[in-house]
1. Could you list all residues from segment 7-27 that are hydroxyl-bearing (Ser, Thr, Tyr), free of Cβ contacts under 8 Å to residues at least 12 places away in the same chain and part of a helix (DSSP H, G or I)?
2. When you go through (1) at pLDDT below 85; (2) closer than 15 Å to residue 14 by Cα; (3) in a helix (DSSP H, G or I) one by one for residue 60, which number turns out not to apply?
3. How about segment 28-49: which of its residues are out of contact with any Cys (no Cβ under 8 Å at 6 or more places or on another chain), on the phi < 0 side of the Ramachandran plot and either surrounded by 13 or more Cβ atoms within 10 Å (Cβ to Cβ) or not in a helix (DSSP H, G or I) (or both)?
Amino acid sequence: MHVERNVSESILKYLFGDKDTIEVCKDLKEVVVMQHLWLHQQGGGSYKKPQAPYVFTRNDAKAFVDFVAKVQAPTWYATTFKKTCGQSKVPTHEEP
């Protein structure tokens with residue numbers, strides 16, 4: 001059961017973009033892979049992190065969270081999954 005939980009949490013972190021940090025983007029540039037995920041330099045020396053194609057958009061994340069909230073499962077069976085996928089996981093960093 002713990003393996004399933006760890007795998008599902010890891011997948012959710014990828015889908016919600018929790019694993020796409022600035023450090024990861026810098027590492028990708030350093031090893032010269034996945035150029036579409038490198039940081040883009042903006043004016044004034046600031047950087048912008050691109051959204052990965054596998055990360056939910058705000059609307060997709062909301063639809064997914066709403067769907068999971070409606071799923072009915074036996075008591076304690078999906079509690080951790082629902083907590084991991086709670087309303088606080090809907091990304092707010094995306095630009096409209």
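The values are calculated or read from the model by the stated rules, or taken from the named source; none is laboratory data. All of these numbers come straight from a predicted model, not from anything done at the bench. We place every Cβ from the backbone using ideal geometry, glycine too, and count neighbours over all the protein chains shown.
1. Listed by number, the list holds a single entry, 10.
2. Every condition holds for residue 60 apart from (1).
3. If the condition is that a residue be out of contact with any Cys (no Cβ under 8 Å at 6 or more places or on another chain), on the phi < 0 side of the Ramachandran plot and either surrounded by 13 or more Cβ atoms within 10 Å (Cβ to Cβ) or not in a helix (DSSP H, G or I) (or both), then 28, 29, 31, 33, 40, 41, 42, 46, 47, 48 are the ones that fit.
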